[in-house]
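To start, the structure itself, in structure tokens.
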Amino acid sequence: MPNECIFCRIAEGALPAQRVYQDEQAVAFPDLNPQAPTHILIVPRRHLASLAGATAADAGLLGHLVWVAAQVARAQGLDQTGYRVAVNTGREGGQAIEHLHLHLLGGRAMSGRLG
Ligand code: AMP
Ligand code: ZN
């Protein structure tokens, strides 16, 4: 685990974040620079740099993260209106932080465009 990794540090509690969900595998907290009225990041506690490096052994964790996104969306009251879950991956995917994270966006109508 790179100790300069900001999401590892948030996950281990070394950096503060307002956790809206946590369990043994994942932590969720609001994005610092929200792109929608609700913008929450879901991150695994284990350092995984990006979706591009995922292996078959990570499939359970990846499924869990998507489930957590749905749980958080429900807790935020977004399940009726809808929401978007996005995983930016790599340079052309717009990934700035190299610790896998899911963006949960809601509270406004999302554009039909994805990129
Ligand atoms: P990405 O471009 O997919 O790598 O997204 C990284 C996201 O992390 C951006 O939306 C940032 O606003 C967000 N971010 C960066 N630092 C923090 C932080 N300390 N706490 C919460 N969100 C952060
Ligand atoms: Zn990390």
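Using unit Cβ charges (K, R positive; D, E negative) and no other charged atoms, how large, in debye to the nearest 20, is the dipole of the chain about its Cα centre?
Working: 9 positive and 9 negative charges, 59 e Å.
My answer is approximately 280 debye.
Find the centroid of the Cα atoms in region 59-115 and in region 1-54, then give the distance between the two in whole Å.
12
Taking the dipole about the Cα centre of the chain, with the C-beta of Lys and Arg at +1 and of Asp and Glu at -1, give me whichever of Met110, Val72, Ala11 is farthest to the positive side.
The residue sitting most towards the positive pole is Met110.
How big is the Cα convex hull of region 22-115 in projection, averaged over all directions, in nm²?
Numbers: hull surface 24.7 nm².
Over every viewing direction, the Cα hull of region 22-115 projects on average to 6.2 nm².
Counting only residues 5 or more places away or on other chains, whose amide H sits under 5 Å from the amide H of Val27 once H atoms are built in the peptide plane?
Under 5 Å from the amide H of Val27 lie the amide H atoms of Val43, Arg45, each far enough along the sequence or on another chain.
Expressed in nm to one decimal, what extension gain is obtained for the pair Thr81 and Trp67 from 0.36 nm per residue of sequence separation less their Cα-Cα distance? Before the final figure, lay out the partial values.
Values: separation 14, 0.36 × 14 = 5.04 nm, distance 1.77 nm.
Once the chain is fully extended between Thr81 and Trp67, it gains 3.3 nm.
Over the chain, what is the relative contact order in whole percent, taking alpha-carbon pairs under 8 Å and six or more residues apart? Don't jump to the answer; show the numbers that get you there.
Values: 171 pairs, mean separation 32.7, N = 115.
Computed over the chain, the figure is 28 percent.
Read-outs throughout are calculated quantities, based only on the coordinates presented, and are distinct from any laboratory measurement. Please read all numbers here as calculations on a predicted model, not as lab measurements. Ideal geometry is used to build each Cβ from the backbone, glycine not excepted, and the neighbour counts take in all protein chains shown.
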